[in-house]
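These notes are about the structure you will find just below.
Coordinate-derived values only; no laboratory data. Here the structure is a predicted model, which means the values were calculated and not measured. No Cβ is skipped: glycine too gets one built from the backbone with ideal geometry, and neighbour counts run over all protein chains shown.
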Amino acid sequence: MAFLLFYVTHADEAAAQQMAAQLLERHLIACANIFPMSSAFWWEGAQQHEQEWVSVLKTRTTLETALETFITQFHPYQTPCMLRWPVHANAAYEQWIMAETENALLP
């Protein structure tokens, strides 16, 4: 049984932690891994070099649209980065993700 990893960037740790807490509260995700990174990108015609935070969110495949909708509504970035990959893990871990997201509160 596959599940999704969502990769989302944030301006700072507090924003990443707040988003993760809201998603966990609604059972839209089972887990969030949050860590710092350096980013280089084009924005409004200029190169940007920023310190950002990334969250890797784990959810069931059926919650993909709901998770994207929630992030789009509440993320402070004008154009938030949301990458996703279907993945497999050991059976016990996949069952845990399914159990934790079973009663998701949809946006």
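On inspection, THR9 passes the criterion of being of a type in the set (Val, Ile, Thr), in contact (Cβ under 8 Å) with a residue 40 or more places away in the chain and in contact with a Cys (Cβ under 7 Å, 6 or more places away or on another chain). Filtered by the rule that a residue be surrounded by fewer than 14 Cβ atoms within 10 Å (Cβ to Cβ) and under 18 Å from GLU68 (Cβ atoms), the range 19-37 gives a lone residue, GLU25.
Pick from the range 38-61 the residues that are crowded, with 16+ Cβ neighbours inside 10 Å and not hydrophobic (A, V, I, L, M, F, W, C): which of them is farthest from ALA11 (Cα to Cα)? Out of the qualifying residues, it is ARG60.
Out of the residues in the range 71-107 meeting the condition of being farther than 26 Å from GLU44 by Cα and among the polar types (S, T, N, Q), tell me which one is nearest to the chain's Cα centre (by Cα). Selected residue: THR101.
Residues GLU25, GLU13, GLU68: which one is of a type in the set (D, E, K, R), within 9 Å of the chain's Cα centre (by Cα) and at negative phi?
Going through GLU25, GLU13, GLU68 in turn, just one is of a type in the set (D, E, K, R), within 9 Å of the chain's Cα centre (by Cα) and at negative phi: GLU68.
Only one of the numbered conditions (1) of a type in the set (A, V, I, L, M, F, W, C); (2) touching a residue at least 12 places away in the same chain (Cβ under 8 Å); (3) part of a strand (DSSP E or B); (4) out of contact with any Leu (no Cβ under 8 Å at 6 or more places or on another chain) is violated by ALA40, and that is (2).
Looking at LEU67, LEU4, LEU63 in this structure, which one is part of a helix (DSSP H, G or I) and in contact with a helix residue (DSSP H, G or I) (Cβ under 8 Å, 6 or more places away or on another chain)? Quick ask: steps written out before the conclusion?
Values: LEU4 fails: part of a helix (DSSP H, G or I); LEU63 fails: in contact with a helix residue (DSSP H, G or I) (Cβ under 8 Å, 6 or more places away or on another chain).
Exactly one residue qualifies, and that residue is LEU67.
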